[in-house]
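The structure appears below as structure tokens.
The values are calculated or read from the model by the stated rules, or taken from the named source; none is laboratory data. This structure is a prediction, so every number in the text was calculated from the model and none was measured. Cβ sites come from the backbone with ideal geometry, for glycine too, and all protein chains shown count toward neighbours.
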Amino acid sequence: MTIKRLNHAVLYVRDAKASAVFYTEVLGFVIRANMGDKAIFLQADGSDNDHDLGLFSVGERGAPSHSVGLYHLAWQVHTLEELSALREKLIAAGALVGESDHGVSKSLYARDLDGIEFEVMWAVPRADWPATVGTWHLDLEAALARWPQVDTADQVQANRN
């Protein structure tokens, strides 16, 4: 068997309704199914999945930070312009916690209401990948100037097929 891609993720959160507000207002997800206080299923804009994110309420009994488990999820956007616009939304929400240039991607890191970290990234065109892998300071303005309106999400999918 070959794994094609991540289809969806499910997170245990303190309050699914409150978390759904964060993911819809800041990241543009839409609610696909709502099971009241217990679970909410969301779909990312442009996704053809039934849902991309499930949120299950656990109340205040959540696990302590940095315990064994998921570190973060990464969602890919099509263009750097989308990444830049999302950066502003994350700042306004008080959620942005980091920015990195990984050479092969330009990444923003943020935390939701429960402190669960996620990454939103744009994939650098394969022809422009650096010879060495590393992590550097993200200069989003320089990246926007170098790759204006370049949509790499479809290119990445084509490379996988």
Could you tell me whether the stretch 144-158 includes any residue that is farther than 12 Å from residue 27 by Cα, at pLDDT 95 or above, assigned to a strand (DSSP E or B) and among the small types (Gly, Ala, Ser)? no
Which condition number in (1) assigned to a strand (DSSP E or B); (2) at pLDDT 90 or above is the one that residue 73 fails? (2)
Tell me yes or no: at least one residue of the stretch 53-61 is modelled with pLDDT of 90 or more and among the basic types (Lys, Arg). no
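Scan the strands (runs of 3 or more DSSP E) fully inside the stretch 4-64 and keep the ones with 3 or more residues being in contact (Cβ under 8 Å) with a residue 40 or more places away in the chain and surrounded by 17 or more Cβ atoms within 10 Å (Cβ to Cβ). Don't jump to the end; show me each part of the working.
Numbers: elements: 9-13, 30-34, 39-43, 53-57.
In the stretch 4-64, 9-13, 53-57 are the strands (runs of 3 or more DSSP E) which contain 3 or more residues that are in contact (Cβ under 8 Å) with a residue 40 or more places away in the chain and surrounded by 17 or more Cβ atoms within 10 Å (Cβ to Cβ).
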